[in-house]
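The values are calculated or read from the model by the stated rules, or taken from the named source; none is laboratory data. Model, not experiment: these values are computed from the prediction. Glycine also receives a Cβ, built like all others from the backbone with ideal geometry; neighbour counts cover every protein chain displayed. All accessible areas refer to the heavy atoms of the entire protein, side chains included, with ligands and DNA or RNA removed. Shrake-Rupley method; radii C 1.70, N 1.55, O 1.52, S 1.80 Å.
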Amino acid sequence: MEPKNQQKNIVVIGGGPAGIEASRTLDSLGYTVFLIEKEDRLGGHLARWDRLFPYGTPAGDVLGQMTASMGRVKWFTGTEVTQLNRLERGYNIILSNGMSVLADALLLTTGFSLFDASRKEEYGYGIYDRVITNADLEDWFSGIPVPAIDSPRRIGFVHCVGSRDEKVGNRYCSKVCCATAVKQACEIKEKFPDAVVYCFYMDLRMFGRGYEDMYLEAQKKYGIIFVRGRVSEVSEDKDGHLFVKAEDTLAGKPLRVTLDLLVLMAGMTRNTAVAPIVRALELSTMEDGFLKPKDSMTQAQSSYAAGIFYAGACTGPKTIPDTVAEAKAAAMSINEYLRDND
Amino acid sequence: MNYEGKKKIWSEFQKEIPDDKYFYARSCIRQNFNPGAEQAFLDIVRNRFGKDFYEDPLHTTCGGIAYHSDTTPEETSMTIIARQFSLMNQAGYRNFVVSCVTSFGLHSEILQTWEEHPEIEEKIHELLWKACRREFTKPDFLMHSSDMMYHYRFLISEQAKYPLINVRTGEPLKVVEHIGCHYSKIFPSKSVGGAEYPRVLAGLVEALGGSVVDYPERRHCCGFGFRQYLVKANRGYSLTNTYKKFESMEPFHPDLIITNCPGCNYFLDRWQYVIAETTGKTYGDTPGYGIPVLSSEEVAALVMGYDPWDLGLQMHQVAVEPLLDKMGVQYDKSAKYKGPGGKDLGVPVSPANIRIF
C-alpha cells in the first residue's frame, strides 16, 4: 500500500456489487474511498435476489462476503449526488447529505434498471394478476408473499422480455435472463413438484461455466419443457387462468396453453437515474443508452473523460462474476491513472 | 384483471381529436350492408351536436379492398386517396374522417409512407395532376368515425334515452368490443388506446353504461381477413376464425357485440347464420337468436332513442329484438319490414337454426 494514496479521494457512485467490490479493492490499495448509494441499503439488484445461477448460491451470502470487509470505505446510503463540477484536476461532488468531496477520480457503478415488463403490453403484466416478473419470483423465493403464486399447476417462463426486441428499442441480449429462467424454473419445480413448467425461449445462451449442466439438469431431473418460440399474446379466461398463445418453431405450429402463472424474464435496461450525471459530465452513451467506454477491448473500464471510470452493468448487461472482475479491473485502471498523473 | 393497468396503457395512446369541421368519407361496403349506420353518424354529429361534417358526392371508394386483395398497385390507391384530399382542400376543410377501418388503415399507411418517403408523395402529386388536373395538401388530422364516437361519448351519454343497462336486472349490459385489425394493429400510435387494449370502443361502452367483456380471443381477427374470404377456397379459414371468437366469448354471456369496422360487423353477424345452419349452435343468452352485432354509430343512435327500424337494424342477420327488450327500447314490432311510407319490404325466409322475428 502506498501511504500517499491515502491522500487521494475516489468517489464511487452506485452501491451495487460493482461499486462495493471496486471500493474494497481501492481501499486495499490505500485510497480514500467514498461510496454513494441512493437506496437505503447496499447491494443494488443483488440485494433483492434470492439465489444465483448456476449453482444456487444464496445472493445474501455473496453480498454478505462482499460487505463484511469494507475496510475504511466511507459509504453513504440514502444519498444522492446533487451536483458535479469538473475541476482542473479532479471533480467536486456535492451530496444530498450536505457533504462535498474533492475527488481525484470518479468511478460510475450505476448499474442497470430492470426492464418495465408492462411495456410489453401483449404479456399483460400489471393487468393480469397471474403475470409476474423474474424479480417478483425472487421476492417470493425470499419469503415475500406474492398473491399470484397460489399452488400453480401449470407455469410458464417467457425469455427475452425487453431484450433482443426492436419493438421496445432494445436490440441487445441481457445476458443473464436465460440462465435465470432455467434456475427459476428448477427452483419453482422443487416447490411445486407436480407442476408442468414451460420455458418459451428464442435460443438458449448457456455461455458460462456450469450453465450447460444446469440446463441439462433442468430437462433431465426437473422435466422442464423448453419451447423454442415467442409468446404472442396473453389473456385471461373466465376463471382468471391465463390463456397464452405462442409459436413452437421446432414443431412449426402455433401453440396455446392455459397457465396458472406466467413469469416474464425482464431484462436489463440503462439506468435512467444516471442521466443528470451523464449530462453534467458530458459522457458518451451508446445507441442503447448504456455508457460508452473508451475502448471495448482494452479500456472497457475507462471513459473518454480524464479521471472517470466505469464498472459493472452501467456499460451493458453483465453477470455477477463479470461485474466483480470488472470492478477489480476498474480499480486497477484508476490506480494506474492516479500513479501516472501524480 | 387490473383495470388500473389498462388505464396506464391507455394513457400512453392518447390521440388529439379536433372537435369540429371534418370532411367525411363513406365506407363503400357499409353503405350497402348497413346504410343506416352512415346516416346515423351524420345525423348525430350534425343535427344532435351541431358539428360541421361535410360530405362531397364526388368522393369515391379509397380502393382499400382492391389494394389488400392485390388487384391494384399501391400507387393507384395513393392517387385515389390524393383525390379525396383534393376534394377536402376544395371544400375548405383540413380534418379528414373515414367511416371504414380498412380505409382508415390505408389512409394511415399512405400518410406514413409519404412522411418517410417524400419522393413517393411527389410522384403522386404528378400522377394526380396527369389523371385529373388536381392538386392536394395532406389533412392536418385523420380520424376514424369510431374516434369521433369516442370523442363525443359524453355528449351521447347526456342525450341517452336507453343506456346500455338491462332494464330487467339493472345490471350493465355485457358488451364484446371488437376492433377492426386495421384500426390500431398497423399503427398503434394512431389509435385511441393502442393495439393490445384498444380504448376507442371500450370507452364508448363504459360511457353509455355497459360493461366490457375481456375474453381470451378478444384480439383475434373477425374472420374477414381479405384473402381469407375473397379467395373462395379459403373461406373455411374465415369461418374458423369467427367460430373461434364465438367459442371464446360464449362463457361470458355477452348481450351485444360492438364493432368499429364494416367488414367485422358483417362477418360477425352473417357467420352466426352459417355456424347455426352447419352446427345447429347459436350463441348468446336468448336461445336460438344469436348475439346482435352493431356498429359504434348504431349503438350510439339506439342509446339516443333513434327508431331501430329507421336505423336499419333489420338489415342485420341476427335479430336485435332481444337486445332492444333488454334496453327497454320502445319500438313497433310490426314496422320491422316496412319501408318509407309503410311500403312492405317483405319478410325474409326464416333460417332453420337461427331465429328471426
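Structure notes:
- Filtered residues of region A:236-269 (kept if part of a strand (DSSP E or B) and farther than 24 Å from A:Glu166 by Cβ): A:Glu236, A:Leu242, A:Phe243, A:Lys253, A:Arg256, A:Val257, A:Thr258, A:Leu259, A:Leu261
- One residue stands out in region A:310-341 among those that are over 12 Å from the mean Cα position of the chain (by Cα) and of a type in the set (Asp, Glu): the one that is least open to solvent (accessible area, probe 1.4 Å), namely A:Glu326.
- Verdict on A:Ser151 being part of a strand (DSSP E or B), more than 14 Å from chain B (Cβ to nearest Cβ) and open to solvent by 20 Å² or more (accessible area, probe 1.4 Å): no
- Counting only strands (runs of 3 or more DSSP E) that sit completely within region A:1-92, those holding 1 or more residues that are modelled with pLDDT under 95 and open to solvent by 20 Å² or more (accessible area, probe 1.4 Å) correspond to A:81-86.
- Condition met for A:Lys167 (within 14 Å of chain B (Cβ to nearest Cβ), of a type in the set (D, E, K, R) and either in a strand (DSSP E or B) or touching a Pro at 6+ places or on another chain (Cβ under 6 Å) (or both)): no
- Counted residues, region B:207-261 - those being among the basic types (Lys, Arg), within 14 Å of another protein chain (Cβ to nearest Cβ) and open to solvent by 40 Å² or more (accessible area, probe 1.4 Å): 1
- Pairs meeting the criteria (first residue in region B:21-39 and free of Cβ contacts under 8 Å to residues at least 24 places away in the same chain, second residue surrounded by fewer than 24 Cβ atoms within 10 Å (Cβ to Cβ) and in a helix (DSSP H, G or I), beta carbons under 8 Å, at least 6 apart or on different chains) are B:Gln31/B:Glu38.
To keep it simple, each residue is scored yes or no on (1) surrounded by fewer than 17 Cβ atoms within 10 Å (Cβ to Cβ); (2) under 21 Å from the mean Cα position of the chain (by Cα).
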{"site": "B:Tyr3", "(1), (2)": "yes, no"}
{"site": "B:Lys7", "(1), (2)": "yes, no"}
{"site": "B:Glu12", "(1), (2)": "yes, no"}
{"site": "B:Ala40", "(1), (2)": "no, yes"}
{"site": "B:Asn47", "(1), (2)": "yes, yes"}
{"site": "B:Gly63", "(1), (2)": "no, yes"}
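- Put simply, of A:Asp129, A:Asp116 the only residue that is surrounded by fewer than 19 Cβ atoms within 10 Å (Cβ to Cβ), among the acidic types (Asp, Glu) and farther than 27 Å from A:Pro317 by Cβ is A:Asp129.
- Unmet requirement for A:Thr258, which otherwise passes all of (1) within 14 Å of chain B (Cβ to nearest Cβ); (2) polar (S, T, N, Q); (3) buried (at least 20 other Cβ atoms within 10 Å of the Cβ): (3)
- The residues of region B:282-319 that are touching a residue at least 60 places away in the same chain (Cβ under 8 Å), open to solvent by 30 Å² or more (accessible area, probe 1.4 Å) and more than 24 Å from B:Ser157 (Cβ to Cβ), listed by number, are B:Thr282, B:Met315.
- Matching residues, region A:293-342, being within 25 Å of A:Gly162 (Cβ to Cβ) and either modelled with pLDDT under 95 or in a loop (DSSP other than H, G, I, E, B) (or both): A:Pro293, A:Ser296, A:Ala300, A:Ala311, A:Gly316, A:Pro317, A:Lys318, A:Thr319
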